[in-house]
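K.L.:
Handing you this structure, nothing more for now.
The values are calculated or read from the model by the stated rules, or taken from the named source; none is laboratory data. Here the structure is a predicted model, which is why all the values come from computation and not from measurement. Note that each Cβ is placed from the backbone with ideal geometry, even for glycine, and that neighbours are counted across all protein chains shown. Remember, those area values only see protein heavy atoms, side chains included, never the ligands or the DNA or RNA. Shrake-Rupley method; radii C 1.70, N 1.55, O 1.52, S 1.80 Å.
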Amino acid sequence: MKVGILTSGGDCQALNATMRGVAKTLFNKCPDVKIIGIEDGYKGMIYGRFHEMSQDDFSGILTKGGTILGTAREPFKHIREIGEDGLDKVKAMEDFYRRNGLDCLVVLGGNGSLKTASLLSSQGLNVVALPKTIDNDIFGTDMTFGFMSAVDVAVNAIDCIHTTAASHSRVFIVEVMGHKTGHLALNAGIAGGADIILLPEIPYRIEKIISKIDEREKSGHHFTIVVAAEGALSIDDLRLPKKQLRLRREKMPVSFELSAQIRLMSGKDVRVTIPGHTQRGGSPDAYDRILSSRLGAAAAGFIIEKKFGVMAALTGSSITAVPLSDVAGKLKNVDILSDEIAEARSLGICFGD
């Protein structure tokens, strides 16, 4: 058996741990297996960058962040376009698969990467995918690997901000990743004891935010912690065309816009902290090491069973095979009617609505 494996899109803490889960299971159950490491995501297939991997390559990487194969973004919306080099990217990937005699392609990636994986599957390639993203926004799985590790990084930032916010009686805005969904902001905000959490799924009114800050002032709490997803939207933002809003955010991130508004309307001293790409970095936490190992082992099982065109997913406490065609192109948003949101409101957390 010959299996190709690649990591695509943004990196995260548990990519290596997941590859290790796949490889260790295959080596244990199929002594004659060959694993081909494809470098820099789909670009490795397009331009023929790869190497054969041994068992030693997967030793000692359970705790290592990033990806030993390298990664790159290959936007799905451009995947069918002929590049300046004249290459048909989809045909190049199909040719790579067949020329190297692969029996299966394992793809570790997020939403865009899974769209390409589904496309390759529809073209007749045997594909097994694994759900990677710190945003936890992949449809069809309860959890993605990398998410809880990113939550831990964001919570550490919020914890550190608490002491300086209280010492100086300031409003602190901690902007976390999440362009389209707010799973990271919601979980980090609850775990970090935020007073206000702003999500893309719940458009906010600045007046509600000011009201919450005033409420805390009157109750003797002279600081406020705001956790905002980078894609948080105000009611006014909803009226703007997407292109205009994107250009506006490129000039001024939501956290800095909020900072100026709060300072003007409340008179409070406001500071902004953006953990940024630190949320993708460092070692995977214990939860992600376990989840990645389980997902990887299950994916290897699917390969052995010749169960292709699927994504390994966490459903409840079980790892299941979900058809790629059912998950590709679908986004898992925060359910604003969920118990988690209701319980956060019960705790006194304001969502700006």
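K.L.:
Answer yes if at least one residue in the stretch 290-308 is open to solvent by 80 Å² or more (accessible area, probe 1.4 Å) and among the aromatic types (F, W, Y), and no otherwise.
P.N.:
Looking for residues that are open to solvent by 80 Å² or more (accessible area, probe 1.4 Å) and among the aromatic types (F, W, Y), one finds none in the stretch 290-308, hence no.
K.L.:
Here is a further query. Across the stretch 161-186, which residue is nearest to A150 (Cα to Cα) among those that are open to solvent by 10 Å² or more (accessible area, probe 1.4 Å) and among the aliphatic types (A, V, I, L, M)?
P.N.:
Of everything passing the filter in the stretch 161-186, M177 is nearest to A150 (Cα to Cα).
K.L.:
Oh, and also: Give D95, D103 a once-over and let me know the one that is of a type in the set (D, E) and either open to solvent by less than 10 Å² (accessible area, probe 1.4 Å) or within 21 Å of A312 (Cβ to Cβ) (or both).
P.N.:
D103
K.L.:
Residue by residue through the stretch 30-47, note down the ones that are open to solvent by 10 Å² or more (accessible area, probe 1.4 Å), in contact with a helix residue (DSSP H, G or I) (Cβ under 8 Å, 6 or more places away or on another chain) and of a type outside the set (V, I, T).
P.N.:
Scanning the stretch 30-47 gives C30, Y47.
K.L.:
Now, a different point. If you check L238, L245, which single one turns out to be open to solvent by 40 Å² or more (accessible area, probe 1.4 Å), without any contact (Cβ under 8 Å) to a residue 60 or more places away in the chain and not β-branched (V, I, T)?
P.N.:
The match here is L238.
K.L.:
Tell me, which residue of the stretch 48-71 that is of a type in the set (D, E, K, R) and touching a strand residue (DSSP E or B) at 6+ places or on another chain (Cβ under 8 Å) is surrounded by the fewest Cβ atoms within 10 Å (Cβ to Cβ)?
P.N.:
It comes out as E52.
K.L.:
Under 9 Å by Cβ, and 6 or more places apart or on different chains, what pairs join a residue from the stretch 118-131 that is farther than 19 Å from P75 by Cα and open to solvent by 10 Å² or more (accessible area, probe 1.4 Å) with one that is among the charged types (D, E, K, R) and modelled with pLDDT of 95 or more?
P.N.:
G124/E94; N126/D103; N126/K306
K.L.:
On the basis of being touching a Pro at 6+ places or on another chain (Cβ under 9 Å), closer than 13 Å to T7 by Cβ and at pLDDT 95 or above, does K64 make the cut?
P.N.:
Taking the combined requirement at face value, the residue satisfies it.
K.L.:
Need the failing condition index for S54 against (1) under 27 Å from K307 (Cβ atoms); (2) touching a residue at least 40 places away in the same chain (Cβ under 8 Å); (3) polar (S, T, N, Q), just the number.
P.N.:
S54 satisfies every listed condition except (2).
K.L.:
Name the one entry in G189, G140, G146 that is surrounded by 24 or more Cβ atoms within 10 Å (Cβ to Cβ) and under 16 Å from the mean Cα position of the chain (by Cα).
P.N.:
G146
K.L.:
Which one of the conditions (1) among the polar types (S, T, N, Q); (2) buried (at least 16 other Cβ atoms within 10 Å of the Cβ); (3) at pLDDT 95 or above does N111 fail to meet, given that it meets all the rest?
P.N.:
Of everything listed in (1) among the polar types (S, T, N, Q); (2) buried (at least 16 other Cβ atoms within 10 Å of the Cβ); (3) at pLDDT 95 or above, N111 misses just condition (3).
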